[in-house]
Amino acid sequence: MKKPLLPASAIWNMSFGFLGIQTGFALQNANASRILQTLGANTDELGFFWLVAPITGMVVQPIIGHYSDKTWTKMGRRKPYFLLGAIMAAIGLILMPNSALFTAFLPALWIGAGMLMLMDISFNVAMEPFRALVADKLSTDQRTAGFAIQTILIGLGAVIGSWLPSILVSWFGISATASSGHVPDNVVYAFIIGAIILLAAILWTIVTTPEYSPEALAEFQDSKTKNPEPTQSKWLFQSIFQDVREMPKTMRQLGLVQFCAWFGLFGMWVYSTPAIAEHVYGLEANDTTSPLFQEAGNKVGYLFGIYNLVSAIYAFALPAISKRIGRKYTHALSMAIGGIGLISIFFISNPDLLVLPMLGIGIAWASILAMPYAMLAGSISPIKMGVYMGIFNFFITLPQIANGVIGGLLLKHIYNNQAIFAIITAGIFMLIGAIASIYVDDQDDLALLKTSK
């Protein structure tokens with residue numbers, strides 16, 4: 001039996017929590033490097049601190065996916081995990097920029113790294129079931145639109161999170177400077193506001209979105225996905241490893257695409273602040289006491305907001321573009337534009353012109369958040385949607401771990417501590433991912449293209 005088509009309002013409601021998650025995630029992405037450098041980290045050490053995110057994601061998401069597939073409570077199947085993740089993430093958001101308050105117990109840098117870990121675990125607990133919920137609720141012909149709407153809300157949330165520190169300075173006059181070793185008030189207050197937005201958005205989805213029961217989901221399975229081999233008697237990791245061995249061909253092909261995309265994204269997030277501070281503003285490496293460093297940090301937050309705003313706008317066009325040229329070609333084109341945008345930063349010396357590369361990066365980001373999941377969802381069993389969405393996260397976390405391990409070494413020994421070359425490397429990986437996307441076997445998309453014609 002085919003899943004019923006849902007009204008647009010239901011699709012928006014089920015994804016609204018992602019606005020809150022991404023508000024918090026954007027605050028972390030735009031400000032974590034600045035906070036860690038303020039607390040004492042060197043530029044070539046940043047990648048190691050950021051390793052916390054992919055390592056926790058690689059462990060947490062498959063486990064959460066596995067258990068959310070098998071969970072059914074009065075609240076639902078996926079929603080209990082949304083709520084738990086949101087509460088934990090809110091605590092991390094409030095505490096991370098206030099790490100200096102706890103120096104009586106541990107060095108501030110250790111506290112900051114610990115709060116970064118707490119936020120990463122929490123975002124992963126909340127994020128993975130959201131991907132699975134969209135696939136649970138939507139039929140094949142609504143999934144591209146569903147993930148596109150999710151991307152729109154992710155983009156809007158990221159704009160809020162990226163711009164909050166600058167808004168608090170320009171609109172409310174909150175200080176953007178602080179004494180050595182302390183985080184400016186505008187960043188502290190932005191993280192607190194982000195925690196409130198995160199909780200409110202998650203609660204909106206929980207209240208407005210019903211879930212299909214296990215019995216209803218079983219009725220929606222087709223002949224290709226019915227009656228998979230039972231794994232209830234296996235140990236958790238034995239079951240997950242079996243699912244890894246049996247992953248569909250499309251999922252394996254998407255793995256290379258994801259590896260290239262997320263290797264590039266990780267490099268951009270970690271090294272944008274030092275790269276722009278040094279290459280565009282002309283600061284010396286690790287000159288965190290200069291007011292220009294805080295200005296560069298605020299500029300990066302503004303620029304991250306720009307690319308997320310572009311992604312939210314471009315996501316509206318993704319269903320129409322993919323219907324015309326196919327999902328994999330849409331993704332390849334978008335990734336190529338993003339790669340060119342990253343590389344172009346090297347040729348910019350005027351901070352005001354940095355907006356231009358963000359346009360291309362925003363196009364790539366929108367597609368990265370939507371197209372791979374739309375291609376993946378049609379190739380896996382509905383009753384294993386959670387665990388496979390979690391396993392798919394391996395292809396997001398492994399490249400970030402790889403970049404975190406080698407990125408600092410490359411920066412120190414190959415790039416002569418010039419962070420701009422890490423950004424160029426990120427762009428090259430985006431271009432390789434664009435080429436790999438062309439070779440993905442998206443049979444589900446072929447059927448949709450024939451129908452549209």
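Some points to look at:
- So Tyr388, is it of a type in the set (Ser, Thr, Tyr) and within 20 Å of Ile152 (Cα to Cα): no
- Residue among Glu278, Glu229 that is out of contact with any helix residue (DSSP H, G or I) (no Cβ under 6 Å at 6 or more places or on another chain), assigned to a loop (DSSP other than H, G, I, E, B) and either at pLDDT 75 or above or over 13 Å from Arg34 (Cα atoms) (or both): Glu229
- Within the stretch 347-379, the set of residues being among the acidic types (Asp, Glu) and at pLDDT 95 or above is empty.
- Those helices (runs of 4 or more DSSP H) of the stretch 380-453 in which 3 or more residues are in contact with a helix residue (DSSP H, G or I) (Cβ under 9 Å, 6 or more places away or on another chain), over 16 Å from Leu51 (Cα atoms) and at pLDDT 70 or above occupy 385-392, 420-437.
- Filtering the stretch 321-334 to residues that are at pLDDT 90 or above and either within 11 Å of Gly155 (Cβ to Cβ) or not basic (Lys, Arg) (or both) leaves Ile321, Tyr329, Thr330, His331, Ala332, Leu333, Ser334.
- Per the listing Ser367, Ser311, Ser344, the residue uniquely within 17 Å of Ala434 (Cβ to Cβ), more than 18 Å from the chain's Cα centre (by Cα), among the hydroxyl-bearing types (Ser, Thr, Tyr) and in a helix (DSSP H, G or I) is Ser344.
- Residue in the stretch 254-261 that is within 30 Å of Met119 (Cβ to Cβ), exposed (fewer than 14 other Cβ atoms within 10 Å of the Cβ) and at pLDDT 85 or above present: no
The values are calculated or read from the model by the stated rules, or taken from the named source; none is laboratory data. No experiment lies behind these values; they were computed from the predicted model shown. Ideal geometry is used to build each Cβ from the backbone, glycine not excepted, and the neighbour counts take in all protein chains shown.
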